[in-house]
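Each remark here refers to the structure printed beneath this line.
The values are calculated or read from the model by the stated rules, or taken from the named source; none is laboratory data. Treat the numbers as computed from the prediction; the structure is a model and nothing was measured. Don't worry about glycine lacking a Cβ; one is built from the backbone with ideal geometry, like all the others, and counts go over all protein chains shown. Each accessible area value is taken on the protein alone, full model and side chains, heavy atoms only, with ligands, DNA and RNA left out. Shrake-Rupley method; radii C 1.70, N 1.55, O 1.52, S 1.80 Å.
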Amino acid sequence: VKDFRVLLLDQRGTGRSTPATAATLAARGSAAAQADYLAHFRADSIVADAELVRRSLLGDEGRWHVLGQSYGGFCSLTYLSFAPEFLDSVMLTGGLAPLVAGPDDVYAATYRTVERKNAEFHAAFPWARARLEEVAALVRANDVVLPDGSPLTVPRLQALGHGLGATTAIPGLAFQLEEAFAADGVLSDTFLVQAWQTLSMASQPLYAVLHEACYSQGEPTRWSAARVGAGLPRFAADADPLLLTGEMIYPWMFEHDPALIPLRETADLLAQRSWSPLYDLDRLAANEVPVAAALYTGDMYVDAGFSRDTAERVRGLRYWETNAHEHDGLRETDDVVDRLIRMNRGEL
């Protein structure tokens with residue numbers, strides 16, 4: 001804000017944009033109609049919206065700078081593919097999307113990283129392993145219900161690992177396990193409320209129905225995370241030791257989460273859908289816009305190997321790789337964005 005006027009965009013279906021929830025989507029009719037509508041919520045549509053805003057504020061030839069964190073980085077690469085002439089510079093933090101790898105490749109890599117994050121978590125909190133197994137044993141033996149009335153199953157328990165890739169979330173998971181039991185054989189209300197807050201998609205149904213589609217460059221995703229995970233017995237619900245999972249969306253989520261149950265058929269139609277490409281590889285290879293990126297070596301959500309490949313495919317892109325931050329480095333310190341601004345200015 002010292003050098004820029006900052007505009008934060010609410011992408012389609014979120015914030016002050018027209019909401020896309022189970023209730024609003026139901027008004028569109030059949031599951032097929034809902035899926036057709038949601039097909040216009042990927043990065044290409046978000047860039048089109050950004051272009052309308054840009055022209056409204058800056059005129060037809062106005063240019064601006066773009067900062068994309070995580071999925072925002074994915075959208076920024078789409079922007080570079082289809083409307084680079086209106087960008088003065090681009091900054092990406094944890095957002096170097098895979099340009100040629102498909103969803104199955106992404107999840108094969110992601111599961112490996114999640115396994116490492118499990119090991120790092122238990123090394124930092126050695127007592128947590130036994131506590132997690134105790135909670136899993138209780139869940140297997142009893143009908144445990146979360147505050148919204150939905151069941152807590154072992155796969156849902158594993159999904160509490162979603163935050164293992166964020167520095168700010170890791171201690172919270174440890175504290176959650178520490179306070180898991182109110183008494184012998186009874187899970188505490190604190191644990192159950194926190195589990196519900198983590199697992200419920202009530203505030204982000206778009207994330208659930210379209211997450212895998214952000215990796216598709218044409219092919220259907222066909223529930224990629226579930227298919228890849230099915231071939232990894234160490235992530236099974238009966239594995240010993242039990243592993244937490246990460247940023248994966250599974251079909252069973254649409255059977256247990258009350259916010260997602262009405263969208264089950266819609267989500268399945270989207271999983272079978274063939275998508276249009278999100279990136280123009282030739283245009284990225286000829287890029288002339290200054291691009292600076294922060295690449296996090298241990299990123300659990302955006303694989304570092306694919307990120308390096310992407311960096312090599314975008315002409316002139318400069319990246320700073322570090323293991324000093326996790327995926328949420330942008331939120332932790334001003335140093336990340338300050339460094340990228342200076343890189344694009346040629347000061348570093």
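Along its three principal directions, the equivalent ellipsoid of the range 194-348 from the Cα gyration tensor extends over semi-axes of 33, 21, 16 Å, largest first. Each of Leu192, Thr310, Trp64 was placed along the dipole of the chain (beta-carbon charges, centred on the mean Cα), and the one lying farthest toward the positive end is Trp64.
Dipole size of the chain about its Cα centre, with +1 on Lys/Arg Cβ and -1 on Asp/Glu Cβ: approximately 460 debye, rounded to the nearest 20.
In the neighborhood of Ala123, defined by Cβ-to-Cβ distances under 12 Å, what is the net charge if each Lys or Arg adds +1 and each Asp or Glu adds -1?
Cβ neighbours under 12 Å give a net charge of +2.
Applying both filters, DSSP loop and at most 13 other Cβ atoms within 10 Å, to the chymotrypsin sites (Phe, Trp or Tyr not before Pro) of the range 1-58 gives Phe4. Here the chain has 52 percent of its accessible surface on carbon and sulfur atoms, given a 1.4 Å probe and all protein chains in place. Dividing the summed -39500 (n - 2.57) terms of all DSSP H runs of n ≥ 4 by the residue count of the chain sets its mean residue ellipticity at 222 nm at -12500 deg cm²/dmol.
Across the range 221-299, counting alpha-carbon atoms alone, Rg and Dmax equal 18.1, 51 Å.
Taking trypsin sites (Lys or Arg not before Pro) as exposed when their DSSP state is a loop state and no more than 16 other Cβ atoms lie within 10 Å, the longest site-free interval of the chain runs over 64-221.
Within 15 Å, Cβ to Cβ, of Asp49, how many net charges do the neighbouring residues add up to if Lys/Arg are +1 and Asp/Glu are -1?
Result for the local shell: +2.
Think of each Lys and Arg Cβ as +1 and each Asp and Glu Cβ as -1; about the Cα centre, that makes the dipole of the range 103-272 roughly 320 debye.
Taken over the range 103-272, the convex hull of the Cα atoms encloses 110 Å³ per residue. Sparsely packed loop sites in the range 179-268 (the GluC sites (Glu not before Pro) outside DSSP H, G, I, E and B with at most 16 other Cβ atoms within 10 Å) comprise Glu179. Among residues other than Leu232 with Cβ under 11 Å from its Cβ, the summed charge is +2 (Lys and Arg +1, Asp and Glu -1).
Averaging Cα coordinates gives a centre for the range 129-199 and one for the range 322-339; these two points are 29 Å apart. A Cβ-based charge dipole, computed about the Cα centre of the range 249-293 with Lys and Arg at +1 and Asp and Glu at -1, lands at about 20 debye. Using the 1.4 Å probe convention, the accessible area of the chain works out to 46 Å² per residue with neighbouring protein chains retained. Of Gln217, Gln176, Gln272, which has the largest mean-square fluctuation in a 10 Å C-alpha GNM of the chain? Fluctuation is largest for Gln272.
The figure for Phe306 is an accessible area of roughly 50 square angstrom, using a 1.4 Å probe on the protein chains alone.
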